[in-house]
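Written out below as structure tokens is the structure these notes cover.
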Ligand code: BMA
């Protein structure tokens, strides 16, 4: 664990300052942009409600901010406010044109994002319709504008009603699933609408089928042309061993225009100028900037593998008529390959990423939407989450296909932080229709999103959908054998013939796979739907099992790449108390059942916890509730740790043809609301125990302990590229009743190699116990770490149990007390704990004070220990002292 005190707040301020200089922007002389964001009027269908509403925004946010409804996340409000999504709503604004734009040749009204189904009118004339929240709409309005009092109206249709109508109109055959499982309390037929699929409910989130104008609205007025967007794609030319940056410019041209384009990367002394000739209509021009071969290019590396060099690329366009366009964007140089090759002694193919020629193990988690109301997602929220990702030693996230394509700032921050993104297209856990209009809107969506996002080096792969290959292959929807070909045909049509086809045309700088999980090349051979997409010997896998004992690592598939796995837990009381009342604070309350959207989820958590821990039994109901939350977080952290350590140590082993695991992305990083889920970070940014533990189990060099058929083994995994290290494992056994180690053991010196997992210690458990003397499986716990020849500790301290803590002998209440002091670093506080006995899963919770500890959820084997709390807002020693709660396993029963 990293014991260096750090201040999140300071880093955050720095990020926001840097972001300003990294964001891309088009400045043009000749095009006037008039933003129509701000206060609009909003009305429901029978005009009984009329209110002011922000654009960008949505109906729910407007109703809440104007006091018509209370917090939609509060208690059972997701059901109470269902009527909002069943109604139709109209947004109206009026505007005048500034003098200097009147009489220009062309006017285009740009909607960056409408959620979702609408008819739009300007001055009473219908200018267009929308049906896809993931695409931008440009409506030409030349000739419709008045100098004053232009009336712009967006007539939104209920997404729920629209989806239902579309599904009924699709009468030839059903496109399942019809509705989500009842436990999700959601709406039906979400697969018929191009909208965040989770917005009709998910197994971790509420049903809020929003309506709104969720992104900017602006008018663009010009005489000659406008530059709509541009992309920058550095490509490595292997024949000439040089880099070439491909720049695409997308124009909307009114009159024949001539001029020139200058591209430059000043830091690399690279510049080129090109003639430009544009004819009326839409037009795309592509240019290549050859990077100066004498310049030394610094690569962009994933976090933990090197720096993230970003270079400023300038685009300057000068037209003969005097118009100019200037744009800039940060570009980065990196290559990415998805390696699917035969492996020795294994039947399938490998599945791993090579970045800049080096194999990289992906360590991270899955990202879901940050909020049900996307207009409420701030740069702060995204920054805090992505900083948490990096802080926990993760280098990758998968933007999961049931949510949204994230906003630009998300990808810009990932570029800066070195977080690799596995980007799904937004299709999840369903079959989809393939009518002409549906395919057409998807084609536009995919083209636009690839063009918007492909300049980001952080994105390393595109993936067509979440689990839809598996849904057909393993027959989630009871499709008959006779009908199956029809659905496979639709599947291939949508993801292969359309989405894949577009992606391959638009972007040659990163790989594409059709689904996750998939068998990759093997799925393709089997006609894109493999008979078992969960095959551990090909492609990636998703694996969940809540009923089997998660401490038994033999249960896990030795996969090539674990892109999803996880366990649920409940968020802290301070997070839940914002949306509940004390009578809800009971694990068996209606509230607890209501927030749980996964069938039997609450029972599964307790059953899994009960295998190894005694469940909380305080007679004080609120204490019991807090303790139950705690035990679910203990269970989750321990289960995900064991599973992730298994994947990391499987990176260089092949057992029975399985292994060579090169990625572990647990499900899921973040939460959409305050409820139970697989997340490691709660809604609001508070870290669960799992997030603290990820810092260790994703450490660059890690030692892992386990038991295998009576043997105690310690493996070392190294992600470093710095060559070989000599290490030995130092092992200590502690009894539960004393702070003095019962005995210490050592391994021999072993050389660990970069990118490998190496066995460093092996003895039978009985030999270890005999040698140690006063220890039994139940009375002792084992700690271990690695050390170098000069005595340095390498990687984090780790520990293992030889028996479940529920059977621990000599285990006593530790009576932990604490004192808090100012740590003399901005907003950092030192908490010194005093304990009477060894304690396990020691958990510090400062209620609603935002921030986090340098270490938490730990094994305490000394009578006192100091940890640091870094607050994200000003606080005091007194506030922390008053709000701090310390819990350890022995305290809950
Ligand atoms: C997966 C995901 C999500 C889901 C999660 C937990 O398979 O793709 O659909 O939320 O499992 O059930």
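The values are calculated or read from the model by the stated rules, or taken from the named source; none is laboratory data. These figures come from a predicted structure and were not determined experimentally. FYI the Cβ positions are ideal-geometry reconstructions off the backbone, even for glycines, and counts take in every protein chain you see.
Some notes on this structure:
- Test result for residue 727, more than 16 Å from the ligand (Cβ to nearest atom), crowded, with 20+ Cβ neighbours inside 10 Å, within 14 Å of residue 567 (Cα to Cα) and over 22 Å from the mean Cα position of the chain (by Cα): no
- Screening the candidates 746, 754 for the property of being under 32 Å from the mean Cα position of the chain (by Cα) and free of Cβ contacts under 8 Å to residues at least 60 places away in the same chain yields one hit, 754.
- Pairs with Cβ under 7 Å, 6+ apart, first in the stretch 445-469 and within 16 Å of the ligand (Cβ to nearest atom), second in a helix (DSSP H, G or I): 464/495; 464/499; 464/500; 465/495; 468/491; 469/523
- Among the residues of the stretch 417-444, the one identified as assigned to a helix (DSSP H, G or I) and either within 16 Å of the ligand (Cβ to nearest atom) or touching a strand residue (DSSP E or B) at 6+ places or on another chain (Cβ under 6 Å) (or both) is 441.
- Residues considered: 844, 861, 865. Of these, the only one that is at pLDDT 95 or above, under 16 Å from residue 884 (Cα atoms) and crowded, with 19+ Cβ neighbours inside 10 Å is 844.
- Lone unmet requirement of (1) away from the ligand (no atom under 16 Å from the Cβ); (2) in a loop (DSSP other than H, G, I, E, B); (3) within 30 Å of residue 600 (Cβ to Cβ) for residue 670: (1)
- Any hit, the stretch 493-509, residues being more than 26 Å from residue 438 (Cβ to Cβ), surrounded by fewer than 21 Cβ atoms within 10 Å (Cβ to Cβ) and under 22 Å from the mean Cα position of the chain (by Cα): yes
- Answer residue from the stretch 527-564, given it is crowded, with 24+ Cβ neighbours inside 10 Å and not in a loop (DSSP other than H, G, I, E, B) and is nearest to the ligand (Cβ to nearest atom) among those: 563
- Test for residue 64: is it touching a residue at least 12 places away in the same chain (Cβ under 8 Å) and either over 29 Å from residue 221 (Cα atoms) or in the same structural domain as residue 198 (by TED's automatic domain parsing) (or both): no
- Residues in the stretch 588-626 that are outside any loop (DSSP other than H, G, I, E, B) and farther than 20 Å from residue 671 by Cα: 590, 603, 606, 607, 608, 609, 610, 621, 622, 623, 624, 625.
- Residue in the stretch 599-619 that is surrounded by 18 or more Cβ atoms within 10 Å (Cβ to Cβ), more than 16 Å from the ligand (Cβ to nearest atom), under 28 Å from the mean Cα position of the chain (by Cα) and touching a residue at least 60 places away in the same chain (Cβ under 8 Å) present: no
- Check on residue 779, more than 30 Å from residue 720 (Cα to Cα), modelled with pLDDT of 95 or more and buried (at least 17 other Cβ atoms within 10 Å of the Cβ): yes
- Qualifying positions in the stretch 196-213 - farther than 18 Å from residue 596 by Cα and within 16 Å of the ligand (Cβ to nearest atom): 196, 197
- Taking first residues from the stretch 361-387 that are over 19 Å from residue 61 (Cβ atoms) and partners that are assigned to a loop (DSSP other than H, G, I, E, B) and more than 16 Å from the ligand (Cβ to nearest atom), the Cβ contacts under 6 Å between residues at least 6 apart in sequence or on separate chains come to 361/651; 361/662; 361/719; 363/394; 363/395; 363/698; 364/394; 384/685.
- Condition met for residue 160 (modelled with pLDDT of 95 or more, in contact with a strand residue (DSSP E or B) (Cβ under 8 Å, 6 or more places away or on another chain) and more than 16 Å from the ligand (Cβ to nearest atom)): yes
Listed here are the residues, each with its yes/no results for (1) assigned to a loop (DSSP other than H, G, I, E, B); (2) touching a residue at least 12 places away in the same chain (Cβ under 8 Å).
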residue	(1), (2)
767	no, no
781	no, yes
794	no, yes
815	yes, yes
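- Checking 667, 673 one by one, the residue that is surrounded by fewer than 24 Cβ atoms within 10 Å (Cβ to Cβ) and at pLDDT 95 or above is 673 and no other.
- Residue match in the stretch 391-406 (condition: over 22 Å from residue 454 (Cα atoms), assigned to a helix (DSSP H, G or I) and more than 16 Å from the ligand (Cβ to nearest atom)): yes
- All positions within the stretch 474-492 that are more than 26 Å from the chain's Cα centre (by Cα) and crowded, with 17+ Cβ neighbours inside 10 Å: 479, 487, 488, 490, 492
- Given (1) closer than 24 Å to residue 688 by Cα; (2) within 16 Å of the ligand (Cβ to nearest atom), index of the condition residue 593 fails: (2)
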